[in-house]
Every structure is written in C-alpha cells, then in structure tokens.
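What follows is a short report on a single structure.
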C-alpha cells in the first residue's frame, strides 16, 4: 500500500510539473523553461525616496539582462563606423559623462550640441535629456544611436551587425530565453545595465551613514549648500528633476531653447533639467552646453552673472545668490565630497573582457 | 489515502488556474482598408493628384496607425493587442482579423494613432517597433500618420512635402477616436466559425480640406507635435467611411 501511494505520488507530481509547464505563458522575458535567470534588485539606499515609477516594469532586472546590456553599452557596432559605442561619451572614470569635453565627439568629426550628462541613479529620473524629451529609459538609446552627430547608425543596421555574432546569440538566449535579437530586447537589456548604475557611496553618503566626518570646510560648505542650492539640487539625489531657467546668456550659434523645443510652450523657453550634483567634480564642464569649465565659474555665475531679465528666469534666482568668497571655497569643497570613487572603479560596470 | 486525496485536490486547483477560457461561441472579424485618393485607390509615385487648393502633387509614402479596434453593440468586443501599421507600400498591411464572441454589433470603433500609454511605456515590438520608422527618437512618441511626396509648388529642397503627425499628450494630442456605425440592415453579425468582413475606405483627400485648408506651398513640412499637426489631424479624422459589411463569409 505504501509503495502504491509513493508511486502515485511520483506520478501525480510529475504530471503536475509537465502540465504546469505546458500552460506557462510563452513570455520571453522570463527566460527559457528549465533555465533560470538570476534576478537582481535595485538598491534603494537608506533615506532615499522610492522611485516615482518602476523603470524595470515589464523588464525584470536579471544578471543575464544586465550583462547583455553591459556588452552592448561598450560595443562600437552600435555606431556607423564602429568608433562610437555608448561608452565613448559616457566614460566610467567620469561618472559616465564625457571627461573634460564641453561637447562630445560624434561620427565624421562632428560635435554634439549639448554636454553629455552623467549616467547613474536613472531609476529616480522621470525624463531624460537636458530638455526632458525622452520619456522612458528604454527608448533613450534610440536618440544617440540614430543622431547624425553622435553614433549616426540606423537600428536596422545595428541589428544586422549583431545577429551573426554567436556571442550575442548566447547572451540574448540567457537573458530572454531564445536567440531572437530584436530592437525591443536590445533596448531592454541596455536599460537594465544603465538603470543599474547607482551612486550612493560618496564621502557625503559615508558621513550620512556615520562612517566618516566632514572637514570643517566641507561642513561649512554643506551649510551653505542647504541654504542656497538644495531647493533645486535636492538631497539625496541632488536634483529635483525639474526644468528651470538659470539665467545663462543665450548662445548665438546654438540658440538652444531647451524644454520649449519639446513642449512647444513659450513658458518653457530656456529651461533645462536640473542636473544632479553627485560626482560633480568629474562631470565638468558644466551647464547644458558645457560653457563653465570649473566649479568656481559655476558659483560665480550664480552670484554675479545670472541674466535676471529673462522672461522665464527661475523665481529662486531673480536676486542672484549671495555667496561670499569664503562660502564659495567651502561650497566647492563640499561638492567634491559628492564624488563616489567606488562607482568610478566598480569592475561590474567596466568594459567586459 | 488522505495524501492521495489532497494531491488530487491540489492538482485540480492548480490546473484550473491556468485553464484557458474556451471561446466556443465566437467568429472571425476581418477588417479591410482601402486608401482612396482622387477617383480611386491611391497610387504611389506615378500618379499626380490635385489637392483642395489646386496644388498638384504625388505621394511617395503613406503610413498610419489603427489601434484599439472594438466592435460595439449591447456589449463590446475588443481586439487583443490591437496595433496595426497601415502602409500603402505593403498591401498585406491593409487587412487584419481577430475573433469576437457571437453577437450582433452596431458599429466599429478604433483609434487613429497609438494610445498615450504605449507612447510612454518603453521599447515596443511588432507594429510599434521603432524599426518601422514611426517613432520620434528626440521627443519620445509615435508618429500617428506619415505622408510624404513631391509637388512643384513646394518651396523646400527636392520639391518635397512631408507631414509626420504626432503628439499624444495635453494640448498636443492628435489622437482621434473613430466610430463608424453600420447601416441598418448591415449590422455586423458574428457567428460561430464564420467570418464577418468589414470594409473601410480611407479618403486621403480629407487631409487637405475640412476645417483647415492645407497648402503645400504654405506648409511643406510638419514634423513636430503642435498647432499645425493638430490642424491637419482635425482634417484627416474625417477620412474614414464604412463601405461594406458582409456577414457569414
């Protein structure tokens, strides 16, 4: 009797397994049946707000997807002549901005028209680009890939170049369950890699966690920061993700109207996204068009050179900012405490071998 | 014995959870579109047409989205994952079909364009794949209708005209909900195992006329969301007419 029960048990369980497997939905994102993907979780550091939207909704974050995205990010084949992978403008040692370049270099000796933004903590960013024109992390790469003064390639050609590569066949299979290479999977994988780049281990963060102490100058700079800067460059992300006109003179060649180019609304004229100040030591030059090469120049802009006469000038900057010379030195020292050295060297985000 | 019983119950509960609803009483709906221009179906490149303001032109490209297709009666029947890119260069794109429960319906409804949700939901595939060249990369969102061609009156290089019409949010929304009632005596009757064929004509002449006359000489290009795109969309929303319903095919 006992034996019969155990045979029945085995039979029932195996039947169950087979049947359940058969009625599983053929959702490629969840991977191959029998082959398990390794789920990853976005880290929400203590004291941080929850992201307002889940950038990984419909794109479950996995180690396999991340690794595929990482390879794509460093692959020059995403550009027309092979010379411009995403990483050519988004360099890890510069917190994924372009180091020491007002504008980045694009295909055929071209320049971009805006300063390359740093890439990290994107899960907390609702819209991307200086003008907020991109509404989802997955569709962002379409812009630089196809832009004639960036990577200058078509998505059709990118896929044609990737498809014969057996390494990609393997990586797409482990990430998405089969070797199909299409734009959706490519973009989702890139989103997994880019969305995983996080910065929360600067000296500032260590101080907040009680693991380090500010110098006197940094502490004074922090006090000035909280009084003069924090309403737009809001902690802990050091941006409130809003669009504001900070009163820069309009460049006569670029004539960049910023956010208005997206919304068509004159009240958005000359407004640009407030950039994060995390890793600001490395993301120079500053401003949407990289016109300021040092923190000193930036602070001088806010205390002396704001074009307060502009119609859409931010109300908080109407009277410029009162910052003394001593406060300026301390503020710059505080801003350098936002450098996350771990991120800059983290082998997880480096070019895959 | 008890173990056996519980296992059986467990199995039944689990399996019933994944059972598909059996659509025993349903039929097929086939939608056929004909793009009309001038006196007949549109001819790309080779035929010269005259618009409402007497400008001659040829058409090289015509694409638009029909999405969220539903039949409406006492109940409504929506097509699942309902996204269709109609492309004048691809005859196979001019028809699509889906299943609907057996019932009689009074009208067909669809969106001319891609609903706002899919405009903000990241990378899509199929009809919505950015490879179809109907997605703006610099200002995320779909081009709902694209028509390109040439005209001797065009003031731009290559004598081209180019309208890429989109915008899905706030005041820039060009999405149009189209509802076409079936005439009395020609209601769509879905019957088990049969196909109901619904033929729709899209009269592209409406692009130029309607509330806002459009001139190639004055407006050869419109490729951003905004006031001009809204004006053109207000014209072309009237382009659809129902031409026939054939039941029991």
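Within segment B:232-249, which residues are in contact (Cβ under 8 Å) with a residue 60 or more places away in the chain, buried (at least 18 other Cβ atoms within 10 Å of the Cβ) and over 12 Å from residue B:202 (Cα atoms)? Within segment B:232-249, B:232, B:233, B:245 qualify.
What about residue B:123, is it closer than 20 Å to residue A:135 by Cβ, crowded, with 16+ Cβ neighbours inside 10 Å, under 19 Å from the mean Cα position of the chain (by Cα) and within 14 Å of chain A (Cβ to nearest Cβ)? Criteria not met by residue B:123.
Residues that are out of contact with any helix residue (DSSP H, G or I) (no Cβ under 9 Å at 6 or more places or on another chain) and either within 17 Å of residue A:244 (Cα to Cα) or not assigned by TED's automatic domain parsing to the domain that holds residue A:244 (or both) within segment A:306-340 comprise A:307, A:309, A:310, A:313, A:314, A:315, A:316, A:318, A:319, listed in sequence order. Among the candidates B:225, B:211, single out the residue that is outside any strand (DSSP E or B), loosely packed, with under 15 Cβ neighbours inside 10 Å and touching a helix residue (DSSP H, G or I) at 6+ places or on another chain (Cβ under 7 Å). That would be B:211, the only listed residue that is outside any strand (DSSP E or B), loosely packed, with under 15 Cβ neighbours inside 10 Å and touching a helix residue (DSSP H, G or I) at 6+ places or on another chain (Cβ under 7 Å). Applying the criterion of at least 2 residues that are over 21 Å from residue A:340 (Cα atoms) to the helices (runs of 4 or more DSSP H) found wholly in segment A:180-260 leaves A:183-196, A:216-228. Taken together, A:93, A:120 contain a single residue that is part of a loop (DSSP other than H, G, I, E, B) and in contact (Cβ under 8 Å) with a residue 40 or more places away in the chain, which is A:120.
On inspection, residue A:104 qualifies as under 26 Å from residue A:199 (Cα atoms), at pLDDT below 95 and more than 13 Å from chain B (Cβ to nearest Cβ).
Among residues that are in contact (Cβ under 8 Å) with a residue 24 or more places away in the chain, surrounded by fewer than 21 Cβ atoms within 10 Å (Cβ to Cβ) and assigned to a loop (DSSP other than H, G, I, E, B), residue B:109 is not included.
Residues in segment A:161-179 that are surrounded by fewer than 18 Cβ atoms within 10 Å (Cβ to Cβ) and part of a helix (DSSP H, G or I): A:161, A:166, A:167, A:169, A:170. Within segment A:143-160, count every residue that is within 8 Å of another protein chain (Cβ to nearest Cβ) and surrounded by fewer than 22 Cβ atoms within 10 Å (Cβ to Cβ). Residues meeting the conditions: 5.
Is there a residue in segment A:137-160 that is assigned to a loop (DSSP other than H, G, I, E, B) and closer than 30 Å to residue A:236 by Cβ? Yes, some residue in segment A:137-160 is assigned to a loop (DSSP other than H, G, I, E, B) and closer than 30 Å to residue A:236 by Cβ.
The values are calculated or read from the model by the stated rules, or taken from the named source; none is laboratory data. Quantities reported herein were computed from a predicted structural model and do not represent experimental measurements. Here the Cβ is made from the backbone with ideal geometry for all residues, glycine too, and neighbour counts use every protein chain on show.
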